[in-house]
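Step one of this worksheet: look at the structure below.
Read-outs: derived from the displayed coordinates by stated rules, not from any lab. This one's a predicted model, so the numbers in the text were calculated from it and none came from an experiment. Methodologically, a virtual Cβ is constructed for each residue, glycine included, from the backbone with ideal geometry; neighbour enumeration extends over all protein chains shown.
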Amino acid sequence: MPLPRIPRVLPGSRHPLGRNTPGRSGPMTATARVVEASAGEWTDRLIGNPDGGNVFQGPAFAEHKGAFGWDPLFVVVDTPRGEVAVTVLSRTVPGVGAVWYAPKGPGTTSVADTVDVAHAIGELASRHGAFLLKVEPEIEDTVANRAALTHAGLEETWNVQPNGSTVILDITEDLDTIEAGFSRGTRYNIRRARKGGAVAKVVPVDEENCEIFLDLFAQTAEGRFSLRNREYYKSMWKRHAEAGQGCFVFGYAPEAGAEAPSGTTPAPGDDGSSWKVVCCDFVMLLGHKGSRKDAASLRKQPVRGVPALSVVESIRWLKEHGATEYDLCSSPPSDRLKDTDHPLYGVGQFKTGFNDHVTDFVGCWDLPLNRLKYKAWTAGGEGALLRVHLKRHGENWY
């Protein structure tokens, strides 16, 4: 994996945990504790959070990360407004201490709550030998929100998860109404796909389909971005599918010269020699929220519009499983949507065909727990660790 651009973060004013801190109304009133819970129990607690839960906070994702160097912790933060459940991943940096990371957490919807919960977890993390807590709250990216986080002692850093800016679809209406709300161009592409005999369907997350997805993923990524190792993706996909929180949606197009029976479009598999997989989506689900985590497609589609048709099928599956919103997962920031030099320009053009509003979140923030260690971390320690880990394991440390 390529190294992310790591900004130079200058340590600002920090305040001992448990005392009054800028941006907070008084002494810390929230406290954090590690709990034990089954996957089902933890999912229910996450769904009960102010943000309704997040797929990257789910127990299936935590179990997956646990197989790749992280130690998952289930943390409950008791606040005057109720409990907040936070999945935290812990990883030790040799000779330094631990990094605690709450992917797309801590499940809050306001800066004030984010600050209180983050500081409570930070105090717990510090007692367990951590020098840094990373949080990634899904709160709106505004000048005021950034200022409040900074004032509370957090430091802005680069995003770990891909959807710091994204396109989110409201899928509460029936499927026909949802599709009618897409842009004219996207609706046209979907019609072209159907007219051309293309089909999108949910398929098993098994070894054969994982290999098909990964082969197409490699073609998609070539010259554009790097992939993790194949076992990483298989682990994530299979664990979510086994938990009932993930599926594959494959888009198929007829091979050249193949003809469907008159008036019908056969399901792929009925005539395996006549169909070709041209796009693959991996869809995650937690509570009422879905996410298009991974997607691959042929650069030159034999039938126009199959990736858009696959989004429709993904929405169908999500609605059948109780979802009311669908995060298409990653876009250029709203102020760079028309910037053709942005690496996600094409991705943004595709996704805004389903909803022209781009949601910008504040992104990932560090809460330093040890000033000297964090200063060394941001001065080059993190970059050195990532480079060594990449060289030895061919993998992103995060």
- For L390, L337, order by how many other beta-carbon atoms lie within 10 Å, fewest first: L390, L337
- Note on the structure: Expected unfolding gain across D215-R127 under the 0.36 nm per residue rule, minus the alpha-carbon gap, is 27.2 nm
- Item | Highest-MSF residue in the chain out of G363, G383, G246 [GNM, Cα springs under 10 Å] | G383
- Flagged as over-length at 19 Å C-alpha distance, from K104/K319; K195/K276; K104/K289; K65/K234, the pairs are K104/K319
- Give me the net charge of E208's neighbourhood, meaning all other residues with Cβ under 14 Å from the Cβ of E208; Lys, Arg count +1, Asp, Glu -1. -1
- For A147 and E242, what is the calculated FRET efficiency with R₀ set at 51 Å and r taken between the beta-carbons, to the nearest 0.05? 0.75
- Item | Relative contact order for the range 165-359, counting Cα pairs under 8 Å that sit 6 or more residues apart, in percent | 36 percent
- Task: Could you calculate the FRET efficiency of T29 with H357 from 1/(1 + (r/R0)^6), where r is the beta carbon distance between them and R0 is 45 Å, rounded to 0.05?
- Result: 0.80
- Item | Mean separation of Cα contacts under 8 Å (6+ apart) over length of the chain, as relative contact order % | 23 percent
- Using the beta-carbon distance between A112 and K195 and R0 = 45 Å, what value does 1/(1 + (r/R0)^6) give for FRET efficiency, to the nearest 0.05? 0.30
- With label points set 7 Å from each Cα along the Cα-to-Cβ direction at D206 and W158, the distance between them in nm comes to 4.0 nm
- Lys and Arg at +1, Asp and Glu at -1: add these up for the other residues within a Cβ distance under 14 Å of G40 and post the number. -4
- Note on the structure: For K238, K391, K134, ascending order of other Cβ atoms within 10 Å (fewest first) is K391, K238, K134
- Item | Selection of chymotrypsin sites (Phe, Trp or Tyr not before Pro), the range 194-242, meeting DSSP coil and at most 16 other Cβ within 10 Å | F225
- Message: Just to be sure I understand the model, the point goes 7 Å from the Cα along the line to the Cβ. What's the resulting T340 to T324 distance in nm?
- Response: 4.2 nm
- Item | Fraction of beta bridges assigned by DSSP in the range 278-354 that are antiparallel (%, nearest 5) | 75 percent
- Query: Taking the DSSP beta bridges in the chain as the whole, what percent of them are antiparallel, to the nearest 5?
  - Reply: 85 percent
- Item | Residue with peak Gaussian network fluctuation, the chain [Cα springs, cutoff 10 Å], from P59, P103, P204 | P204
- Which length gain, in nm to one decimal place, applies between A39 and L372 when the Cα-Cα distance is subtracted from 0.36 nm times their residue separation? 116.2 nm
- Loop-resident sites, the range 34-75, for GluC sites (Glu not before Pro), counting at most 14 other Cβ within 10 Å (DSSP): E36
